[in-house]
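Q: Could you have a look at this structure, given as structure tokens, before my questions?
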Amino acid sequence: MTPPVGVRPLLRAVARRPDLWAVAMWTALRLAGPGWWRRWPPVPWPDPSYWRFRMTTAYGGSGDAAPDPVDVVEFLEWCRGRWRRQRRALR
């Protein structure tokens, strides 16, 4: 299975933000296709059709656009904030 289009700039953007590493890993696991650990290499890439759908809904076109690293970092920050709010609400 090959990585989605434009994944290297995303990895570089997240690598510069250690405070988002845990959120990024959790999000990658949630987006990964079912049984990703059974295929070689065992990397949690999303299913290609799901990735195409997400890119189409986010950026329009035919789904072959690469995600903007700034958008991904902002999304991960939003996820982290949401998790913190949920954790506080459960106390």
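Q: If we count every other residue with Cβ under 15 angstrom of Trp36's Cβ, Lys/Arg +1 and Asp/Glu -1, where does the sum land?
A: +2
Q: So for segment 7-90, averaging the separation of alpha carbon pairs under 8 Å that are six or more residues apart and normalising by length, what relative contact order in percent results?
A: Contact order relative to length: 28 percent.
Q: Give the peptides 69-79, 15-25 in descending order of average Cβ contacts within 10 Å, highest first.
A: Output ranking for 69-79, 15-25: 69-79, 15-25.
Q: Along the Cα-to-Cβ line of Leu11, 7 Å from the Cα, sits a label point; which residues in segment 40-55 have backbone N less than 14 Å from it?
A: Flagged as within label range: 41-46.
Q: If you compute Cα extents along the principal axes in Å for the structure shown, which of (1) 41, 31, 24; (2) 63, 33, 29; (3) 35, 32, 24 do you land on?
A: Of the listed options (1) 41, 31, 24; (2) 63, 33, 29; (3) 35, 32, 24, (1) comes from this structure.
Each reported figure results from applying straightforward, stated rules to the coordinates on display, with no laboratory input. Remember, it's a predicted structure, so these values are computed and weren't measured experimentally. In this analysis, Cβ positions are derived from the backbone assuming ideal geometry, glycine residues included, and neighbour counts consider all displayed protein chains.
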